[in-house]
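Engineer: Structure below; questions to follow.
The values are calculated or read from the model by the stated rules, or taken from the named source; none is laboratory data. Treat the numbers as computed from the prediction; the structure is a model and nothing was measured. Because the Cβ atoms are built from the backbone with ideal geometry, glycine has one as well, and the counts that use them run over all protein chains shown. These accessible areas exclude ligands, DNA and RNA; they are computed on the full protein's heavy atoms, side chains included. Shrake-Rupley method; radii C 1.70, N 1.55, O 1.52, S 1.80 Å.
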Amino acid sequence: MGNRGMEDLIPLINKLQDAFSSIGQSCNLDLPQIAVVGGQSAGKSSVLENFVGRDFLPRGSGIVTRRPLILQLVNNKAEYAEFLHCKGRKFVDFDEVRQEVEAETDRITGSNKGISPIPINLRVYSPHVLNLTLIDLPGMTKVAVGDQPPDIEHQIRDMIMQFISRESCLILAVTPANTDLANSDALKVAKEVDPQGLRTIGVITKLDLMDEGTDARDILENKLLPLRRGYIGVVNRSQKDIDGRKDIRAALAAERKFFLSHPSYRHMAERMGTPHLQKALNQQLTNHIRDTLPGLRSKLQSQLLSLEKEVEEYKNFRPDDPTRKTKALLQMVQQFGVDFEKCIEGSGDQVDTAELSGGARINRIFHERFPFELVKIVFDEKQLRREISHAIKNVHGVRIGLFTPDLAFEAIVKKQIIKLKEPCLKCIDLVIQELINTVRHCTNKLGSYPRLREETERIVTTYVRERENKTKDQVLLLIDTELSYINTNHEDFIGFANAQQRNIVNKKRAIVNQVIRKGWLTLNISIMKGGSKEYWFILTAESLSWYKDEEEKEKKYMLPLDNLKLRDVEKGFMSTKHIFAIFNTEQRNVYKDLRQIELACDLQEDMDSWKASFLRAGVYPEKDQVLISSTSSSGADTFSMDPQLERQVETIRNLVDSYIDIVNKTIRDLMPKTIMHLMINSAKDFIHSELLAYLYSSGDQNSLMEESVDQAQHRDEMLRMYHSIKEALSIIGDISISTVSTPAPPPVNDTWIPETRSENEQRAAVWERVTFPLLYYVQNELPIYSIDYY
């Protein structure tokens, strides 16, 4: 029966297998198992039924076993069966077990004889079995039947290889005695994955069906076609016995009688038959587990470490503790506050490397998106100069003004300042959306308590919305403050004297050629000129260069930024990318013979970020140009040709530019501060100090802390698996001290098993057989018709 400690380990490994399967995780521990491999109708299912002593597996022609059946046999006083997918239900009638296997198979594979690698887990408790774990695999076949896919042979082979390739898997190679053992498919695949024969056990079935005068004595004695672990012969029930519902116990008695009475087998009868096979497999599995203990221990320890963090919150769970829900509520709210603050302020632990989130996205809004929205405010140059002209004339009235009126300047400036309200309010909306997304992300950890999650998200979101109104009121107040007093004595304001002498030109970029941004962009050009392609772009204060890759060794082109502008480009019909274009305001070619180049990004936020970088380099959107060369001529057509009025218009235009720059700087500085103070910091304070009180007042605490069914089940499964692994490690520690390893049988000459060659290897062999004689005959000028290809 084997070592008692090892006998205890087999059921424990079964529990561990169930623990992994029940929570939807693959058990990557490679637990020791026995895989039953053989051709169709080799008698695999009959061998398993003989172990159990019951009819419980589907019968029929063709492929009957279409999903792996993990059969766990447990020695027990009571006799019943359990399926992992039917928790809590005990099957006492084994006909119902067969029906459930068939129904569960059809549920996944359908009724068209298709196969699936998803296993069915069946545990059988019986006083007539020894502790074993076996996997019944589909029988190998050569021809697809009915609606089966044409590659059914390869599908079955791949499935079998997935199981038997594991070093921890023993291979039970089942072969009928009435077929040629040298061509056994089971032994062929076994040799592929176990060339030393350490894991392969041969089983010869249907010994009673051999032709009269023949026997398998030499094979069973391991003299002919030897295997390292030898062969065990069994006699299963015939189809007539099965149809006649012959009792398996009677069949086992008949098997025993067959071996005792057969002249070729009676001397080895004690080493033949189903009971001996069951004992041998139990001992082999016991020894195999003992051999794999060191590796299994290390894998269990790594699994335990990976589970530690996940089950930490479950360790102290006491469902009968009356203060449990209160403690859980406090812990959840505190953790939510910590997570929210980490998302906003940033944290070094568990850094997301896939995308920006939380505070990083808000930072991008403050320093990239918002400045870009300010610059995007469109000043129609003709309209602006017309308004300045009208303002000057209206201030002068019937008189001819000799001096530039400051009232006209104030009127125009105030009108431009009012335009700042829209991008400011848009900035707040963007931050609000990011805050709500952050709240939603942080409440994901409250998923164990759906009602608590909903209430927390609702309360915090409502508070953020309330702060939204106050923040918008404050921002509008800032703009109204700017409107209330135009400070022409500001140190950065150019003043009337300087404005009259200043020429309107594009702001000169920094002399230092500072690198502003690097990254991948797609350059869109026509197929005739090379097609769209990704390049590594480098934007500096003076130029835009692109290279073949990020090594920056092979430069493709360098484009100076002088007189360049940006414009948006609509997506193509089939395009998913976001596109913007760069063009020259003097109608010159930008790249080769192209008047503009189109640059594409995968994400909208990437495009906005690149546009903001171009703004830093002094490349502005299309309509934001105020070149004097383009305005003087148009002004001559639109406005009065009075030179004095033109000088006054020009002066006020320069003054407006200077003052709006000052206001923009002020707003760009105060907007993030206002939003942080009134909205973000206020939300953090609310979560830390008031959220708990709001939750208590929102309803019944018991309903609030009602745990989800999935979470309760997940917790139970995780704890069960955690304790199973700890128990397994404990038992392994005891066993490894008290057991002695059994040496493997000596090697045998198994070259009789033919190697399985791939289709390519077979074609190569045929090619050699044909081409080599052909080449010889051609070289020696012999008649080709005399070649014997075979």
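Engineer: Run the 1.4 Å probe and let me know the accessible area of residue 610, rounded to the nearest 10 Å².
Structural biologist: Around 10 Å² of this residue is reachable by solvent.
Engineer: Tell me, what % of the accessible area of segment 4-298 is carbon and sulfur with a 1.4 angstrom probe? Before the final figure, lay out the partial values.
Structural biologist: Values: 5890 of 12200 Å².
C and S atoms contribute 48 percent here.
Engineer: For 272, 210, give the ranking by accessible area with the largest first, probe 1.4 Å.
Structural biologist: Values: 272 10, 210 40 Å².
So, going from the largest accessible area down, we get 210, 272.
Engineer: Probe radius 1.4 Å, ligands and nucleic acids left out: which of 535, 659 has the largest accessible area, and how do the rest follow? If you can, show how the numbers build up before the last one.
Structural biologist: Working: 535 35, 659 10 Å².
Solvent-accessible surface, decreasing: 535, 659.
Engineer: Under a 5 Å amide H to amide H cut-off, with H placed in plane at 1.01 Å, what residues pair with residue 516 once short-range neighbours are removed?
Structural biologist: Counting only residues 5 or more places away or on other chains, the set is 539, 540, 541.
Engineer: Same structure again: Among the lysines, which have Cα under 25 Å from the Cα of residue 142 when same-chain residues fewer than 8 positions away are ignored?
Structural biologist: 44, 113, 188, 191, 206
Engineer: Now for a separate question. With labels modelled as points extended 7 Å from the Cα through the Cβ direction, what inter-label distance (nm, one decimal) is found for residue 437 paired with residue 196?
Structural biologist: So the two model labels end up 5.6 nm from each other.
Engineer: Which lysines have a Cα less than 24 Å from the Cα of residue 90, not counting those fewer than 8 places away in the same chain?
Structural biologist: Candidates past the 8-residue exclusion: 15, 77.
Engineer: What net charge do the residues around residue 408 carry, taking every other residue with its C-beta under 10 Å from that of residue 408, with Lys and Arg at +1 and Asp and Glu at -1? Could you put the intermediate results ahead of the total?
Structural biologist: Details: positive: 393; negative: 387, 406, 410.
Result for the neighbourhood of residue 408: -2.
Engineer: Which of the lysines could a cross-linker span from residue 470 if the Cα-Cα distance has to be under 23 Å and same-chain partners fewer than 8 positions apart are dropped?
Structural biologist: 419, 421, 426, 665, 673, 684
Engineer: Additional query: On the accessible surface of segment 515-621, probed at 1.4 Å, how many percent belong to carbon and sulfur atoms? Write out the running numbers ahead of the final one.
Structural biologist: Values: 2780 of 5720 Å².
With neighbouring chains kept in place, the figure for segment 515-621 is 49 percent.
Engineer: So what is the relative contact order of segment 4-298, in percent, for Cα pairs below 8 Å that sit 6 or more residues apart? Don't skip to the answer; put the middle values down first.
Structural biologist: Values: 498 pairs, mean separation 64.3, N = 295.
It comes to 22 percent, rounded to a whole number.
Engineer: Which order do peptides 90-97, 595-602 fall in by mean Cβ count within 10 Å, highest first? Could the numbers behind the result be given before it?
Structural biologist: Numbers: 90-97: 14.6, 595-602: 18.1.
Result, highest mean Cβ count within 10 Å first: 595-602, 90-97.
Engineer: More than 20 Å apart: what percent of Cα pairs in segment 515-621 qualify?
Structural biologist: 35 percent
Engineer: Skip the ligands, DNA and RNA, and give the accessible area per residue of segment 170-284 with a 1.4 Å probe, whole Å².
Structural biologist: On the way: 5250 Å² over 115 residues.
That works out to 46 Å² per residue.
Engineer: Given the whole protein assembly as supplied and a 1.4 Å probe, what does the accessible area of residue 217 come to in Å², nearest 10?
Structural biologist: Surface open to solvent at residue 217 totals about 90 Å².
Engineer: On the full set of protein chains, 1.4 Å probe, figure out the accessible area of residue 267 and give it in Å² to the nearest 10.
Structural biologist: Accessible area of residue 267: about 100 Å².
Engineer: Apply the Karplus curve 6.51 cos²θ - 1.76 cosθ + 1.60, θ = phi - 60°, to the phi angles in segment 116-130 and return the couplings in whole Hz, x for Gly and Pro.
Structural biologist: 8, x, 6, x, 9, 9, 10, 10, 10, 9, 6, x, 9, 10, 9
Engineer: Shape call for segment 4-298 from the C-alpha gyration tensor, a ≥ b ≥ c root eigenvalues: rounded (a/c under 1.5), prolate (a/b greater than b/c) or oblate? Provide the component values of the computation, followed by the final result.
Structural biologist: Working: a/c = 1.27, a/b = 1.20, b/c = 1.05.
Since a/c stays below 1.5, the shape of segment 4-298 is classed as rounded.
Engineer: Would you rank 714, 677, 390, 288 by solvent-accessible area, highest first, keeping every protein chain in place and using a 1.4 Å probe?
Structural biologist: Numbers: 714 60, 677 125, 390 95, 288 20 Å².
The ordering from most to least exposed comes out as 677, 390, 714, 288.
Engineer: From the cross-link list 327/726; 342/414; 376/571, which pairs have alpha carbons spaced over 29 Å apart? Intermediate values should be presented prior to the final figure.
Structural biologist: Working: 327/726 27 Å; 342/414 41 Å; 376/571 20 Å.
Check vs 29 Å cut-off fails for 342/414.
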